[in-house]
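The values are calculated or read from the model by the stated rules, or taken from the named source; none is laboratory data. If you're wondering where the values come from, they're calculated on a predicted model, not measured in any experiment. We place every Cβ from the backbone using ideal geometry, glycine too, and count neighbours over all the protein chains shown. We work out accessible area using only protein heavy atoms, side chains counted, and drop any ligands, DNA or RNA first. Shrake-Rupley method; radii C 1.70, N 1.55, O 1.52, S 1.80 Å.
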Amino acid sequence: MSKKENISNGVKYEAQKIEKKWQAIWNKIGINKTSEDNKKSKFYCLDMFPYPSGEGLHVGHMRGYTYSDVIARKRLMEGYNVLHPMGWDAFGLPAENYALKTGVHPRISTEKNISIIKEQLKNAGYLYDWQKEVNTSQPEYYKWTQWLFLQFYKKGLAYKKMALVNWCPSCQTVLANEQVKDGKCERCCSEITKKELNQWFLKITQYADRLIEDLDLVDWPEKVKIMQRNWIGRSYGVEFEMPILDEKGGQKEEVIRVYTTRVDTVFGMTYAVLSPEHPLVESLTAESRKKEVEEYIKQAKEKTEIERMSEEKEKTGVFTGAYALNPFNQKQVPVYIGDYVLAEYGTGAIMAVPAHDQRDYFFAEKHSLEIIEVIKSEDGRSTIENGAFEEDGVLIESEKFNGLSSERAQEEMTKWLEDKGIGFGTKKYKLRDWLISRQRYWGVPIPIIYCEHCGEIPVLESDLPLVLPEIEDFKPLGEKSPLAKAEKFVKTKCPKCGAEAKRETDTMDTFVDSAWYYLRYVDPKNSEEIFEKKKIKYWLPTDLYVGGIEHAVLHLLYARFFSKIMFDLGIIEFEEPFLKLFNQGMIYRNGEKMSKSKGNVVNPNEFFIKYGADTMRLYELFMSPPEQDAEWQDRGVIGVYRFLNKVWDLVSQQLATNNQRPNLEIEKLRHQTIKKVSEDIEKFKFNTMIACLMEYVNKLTTYNLQLTTHDLEILILLLAPLAPHLSEELWHQLKGLPEEKTIFEEKWPDYNPDLIIDETIELIIQINSKVRDKMEIKINISEEEVKKMVLEREKIKKWLENREIKKIIYINNRLINIVAN
RNA sequence: GCCGCGGUGGUGGAAUUGGUAUACACGCAAGACUUAAAAUCUUGUGACCGCAAGGUCUUGAGGGUUCAAGUCCCUCCCGCGGCACCA
């Protein structure tokens, strides 16, 4: 019988039909429901929850969800108690902007979007437990966001202060540092300006060291760890003070405090610079210079971030008229104001050493200031002719510190300052406190009340949730949120004295909502407390977290920070929320990021009708290594679709046969396949895992009627996490099981290590490292025997005619290399 | 500028960590089936030389280490990502 005749006798693979069928059955029998059986080992498999955008999801969004679903389903088969939840990061600007345009309330549009996306996720066959769903915009959820805020407030970790903050003129709100990219708003790409405003902050800087150090405890991509370390930006240096002299040489009361990481260059200081916002600027500026200084400060303030950055090389500044005294040599240096010194970093003032800092070098050249070389490299490479020499070296022109290495000098000089009581070794961070207030409507109201008599008073916990009022007009009001116009909301009584009082009208950054959502999943309906501790103790921390790299320093840093605070407050018992992190790459199509505005999205719903969800899942897994960006190729999809059809035909065919005699060669291949697939899946090497399954199927096809049912069972089990619908259907066809028996209750197959070993191998025979021959040999035969056999081969003899063998290298079970002249 | 990742056929990509480069798949070509097309199946497919057997070359470029380099070292080129006046 020819192969073709066999294949044609079955029913055709109709993806959509079987997918709908099994999704309904799974829903009915509840395999996606999280078991409360706490005796089993748990596996908490988490996806970064989506923002419910009106555009729905495209296949690019589904890449990461597919990966986590594969792992979740495999864990189920391994007998774990699996928690795989999904929810909605539902507050945020897009819904509000949409409301501004259409008048549709954000709550309405968000609800609608959620139902659309939920349907898409269900159609893709993801195994989410929808009973655990959370929605950050619902009072039942944000009651606890507010409650957390109050706990932080009580400990002084949430506070309000005047600060120079990032302002997006288009979104009309302030932004956290993390939300500014290249001087532009991360959302709308408008140029950011700076404003001095009274704003709410969370004290993330207090956790800087722990946020760095605990990165060593988690299994995260090194890239993300590096990004977080760089963002926190810890540096070690010295802070010291310098007395100030006025124009006429009289000593002032104030001192300038500077921070430097290169105190070894201090004898090269030829001036000092304060940032334009430095508090000493006014008292320090000489009468004769006042006008010039004020003008400069005004100009500096008006610059956008972009303007400041574009002038990177041009260092502007003005002389204040005052002088500072270098404590090391009592030298007087002029004090300047320059906007290349940042107010928010270090002390907002620097000692300038043009010989050994390129920025100072530019400034000194422009303002004709002295350049004194005080560091020499030992090999004489150092020169300051064309710019600063910024490397470490040996000190010169530095009095008693001459001849010391940079490193030694830093130690000695720090000690000298400490002994004199005018300085100390310290460390600084680039990280700033997290600015969480937003002047927008669609967010969590900050639960604070201002009373004329009592001042700033937190809302009582018993009054939570403080519900976001339904208002008609969402238009931003500039420095105030639209809530300021909702009189009923604003007017309240002071919880302490009962007098008339006003509410805070800013809302919270949506990243606050998402900084703790993974904790709420374990107990989403609890109205008594944020969650039951017992449940947290069982499920947390999460075992796997899958999502995009774009949150490397935003959400992921904030979530770690929240865990640490909550640990300190005794709310949870762990500090790192995500044990293993996986970042999927982005999907491109026609060379561009997949997005509705580019018109290059592949709509999952249409795709499901044409090929089925299993094909999409398999293609996403097969197209490239999962951490890499990948180009979606419409033509490439057909390959995995053919593969699924092949599997279908193979099994349909087998149903008609019923061979019971195992074939040893297939048996070996089967065990090898189980091993490779099981290992690859754990290493997230989904693409090679599928290649391996394809090879297995290709081989099975050639063996045709010699297959046993068991050969196919293994295939279906291995395929189950990847293409769950097809596998479930074929499993039932093969085993004749009732509907409520699911393949996901079956055990993930084991392999027998003894059975995967090949008894013979193909030995590679090289002469002078070039492959000249191959030979089938039994494994583990002695080197002597192999050599003898090889040298007796006609082909080899020919190659070695008139040549002298110098050396023979033998690698057991792999190759032999004959080195000859 | 600093930090990180990458560069392999026409395309997506594989390569047990130094041991047969190009697995698997797409595409393409030829053939089978068909009135025809699609689908499916079979065969071939890195480049060059050759009727063939076979040979030579090939992992961004150039050097080096080694019996052996896609893999290790040095220099350089290109692409992507992060940070960016952080003293």
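Would you mind finding the one in A:G423, A:G393, A:G348, A:G387 that is touching a Leu at 6+ places or on another chain (Cβ under 6 Å), open to solvent by less than 50 Å² (accessible area, probe 1.4 Å) and small (G, A, S)? Spell out the reasoning first.
Details: A:G393 fails: touching a Leu at 6+ places or on another chain (Cβ under 6 Å); A:G348 fails: touching a Leu at 6+ places or on another chain (Cβ under 6 Å); A:G387 fails: touching a Leu at 6+ places or on another chain (Cβ under 6 Å).
Just one listed residue meets the conditions, A:G423.
Could you tell me which residue of segment A:81-93 is nearest to A:Q179 (Cα to Cα), considering only residues that are at pLDDT 95 or above and open to solvent by 10 Å² or more (accessible area, probe 1.4 Å)?
Among those that are at pLDDT 95 or above and open to solvent by 10 Å² or more (accessible area, probe 1.4 Å), it is A:D89.
What residue, among those in segment A:220-244 that are in a strand (DSSP E or B) and surrounded by 16 or more Cβ atoms within 10 Å (Cβ to Cβ), is nearest to RNA strand B (Cβ to nearest atom)?
Start the filter on segment A:220-244 by keeping residues that are in a strand (DSSP E or B), which leaves A:235-244.
With the extra rule that they be surrounded by 16 or more Cβ atoms within 10 Å (Cβ to Cβ), the set shrinks to A:237-244.
On the way: A:G237: 5, A:V238: 8, A:E239: 10, A:F240: 11, A:E241: 15, A:M242: 14, A:P243: 20, A:I244: 18 Å.
Looking at the filtered set, the residue picked out is A:G237.
Any residue at all in segment A:683-693 that is buried (at least 22 other Cβ atoms within 10 Å of the Cβ), more than 8 Å from RNA strand B (Cβ to nearest atom) and touching a residue at least 60 places away in the same chain (Cβ under 8 Å)?
Yes: one or more hits.
Among (1) under 30 Å from A:S68 (Cα atoms); (2) open to solvent by less than 20 Å² (accessible area, probe 1.4 Å), where does A:V459 come up short?
All conditions are met except number (1).
Given the conditions (1) open to solvent by less than 40 Å² (accessible area, probe 1.4 Å); (2) under 23 Å from A:Q228 (Cα atoms); (3) away from RNA strand B (no atom under 12 Å from the Cβ), and given that A:W167 satisfies all but one, which numbered condition is not satisfied?
(2)
Could you look through segment A:715-743, keep only residues that are in a helix (DSSP H, G or I) and open to solvent by 10 Å² or more (accessible area, probe 1.4 Å), and pick out the one that is nearest to A:A24 (Cα to Cα)?
Of everything passing the filter in segment A:715-743, A:E729 is nearest to A:A24 (Cα to Cα).
Among the residues of segment A:318-341, which ones are β-branched (V, I, T) and either within 16 Å of RNA strand B (Cβ to nearest atom) or within 20 Å of A:E397 (Cα to Cα) (or both)? Can you show your working first?
Taking segment A:318-341 and keeping what is β-branched (V, I, T), we get A:318, A:320, A:333, A:335, A:337, A:341.
The answer is A:V318, A:V333, A:V335, A:I337, A:V341.
Tell me, which residue of segment A:756-770 that is out of contact with any strand residue (DSSP E or B) (no Cβ under 9 Å at 6 or more places or on another chain) and more than 11 Å from RNA strand B (Cβ to nearest atom) is most open to solvent (accessible area, probe 1.4 Å)?
My answer is A:I757.
Taking the residues in segment A:593-641 that are open to solvent by less than 60 Å² (accessible area, probe 1.4 Å), outside any loop (DSSP other than H, G, I, E, B) and small (G, A, S) as candidates, determine which candidate is farthest from RNA strand B (Cβ to nearest atom).
Per the stated criteria, the residue is A:A613.
Hey, A:N780 hits all of (1) of a type outside the set (D, E, K, R); (2) at positive phi; (3) in contact with a Pro (Cβ under 8 Å, 6 or more places away or on another chain) but one; which does it fall short on?
Result: A:N780 passes all but (3).
Inspect all residues belonging to segment A:778-793 and state whether any of them is in a strand (DSSP E or B), closer than 25 Å to A:E665 by Cβ and either in contact with a Leu (Cβ under 7 Å, 6 or more places away or on another chain) or among the aromatic types (F, W, Y) (or both).
At the first step, the residues of segment A:778-793 found to be in a strand (DSSP E or B) are A:778.
From what is left, the residues that are closer than 25 Å to A:E665 by Cβ are A:778.
When the remaining residues are screened for being either in contact with a Leu (Cβ under 7 Å, 6 or more places away or on another chain) or among the aromatic types (F, W, Y) (or both), the result is none.
Taking every residue of segment A:778-793 in turn, none turns out to be in a strand (DSSP E or B), closer than 25 Å to A:E665 by Cβ and either in contact with a Leu (Cβ under 7 Å, 6 or more places away or on another chain) or among the aromatic types (F, W, Y) (or both).
Mind listing just one residue for me: the one in segment A:12-59 that is over 20 Å from A:I609 (Cβ atoms) and of a type in the set (K, R) and, of those, least open to solvent (accessible area, probe 1.4 Å)?
Looking at residues that are over 20 Å from A:I609 (Cβ atoms) and of a type in the set (K, R), I get A:K42.
Could you tell me whether any residue of segment A:358-368 is small (G, A, S) and within 16 Å of RNA strand B (Cβ to nearest atom)?
Kept after step one, since they are small (G, A, S), are these residues of segment A:358-368: A:364, A:368.
With the extra rule that they be within 16 Å of RNA strand B (Cβ to nearest atom), the set shrinks to A:364.
Checked against the condition, which is being small (G, A, S) and within 16 Å of RNA strand B (Cβ to nearest atom), segment A:358-368 yields at least one hit.
May I ask you to list the residues in segment A:282-317 that are assigned to a helix (DSSP H, G or I), touching a strand residue (DSSP E or B) at 6+ places or on another chain (Cβ under 6 Å) and away from RNA strand B (no atom under 14 Å from the Cβ)? Steps first, answer last, please.
So the first thing to find is which residues in segment A:282-317 are assigned to a helix (DSSP H, G or I), and the list is A:282-284, A:287-302, A:305-310.
From what is left, the residues that are touching a strand residue (DSSP E or B) at 6+ places or on another chain (Cβ under 6 Å) are A:284, A:289, A:292-293, A:296, A:306.
Answer for segment A:282-317, where residues must be assigned to a helix (DSSP H, G or I), touching a strand residue (DSSP E or B) at 6+ places or on another chain (Cβ under 6 Å) and away from RNA strand B (no atom under 14 Å from the Cβ): A:L284, A:R289, A:E292, A:V293.
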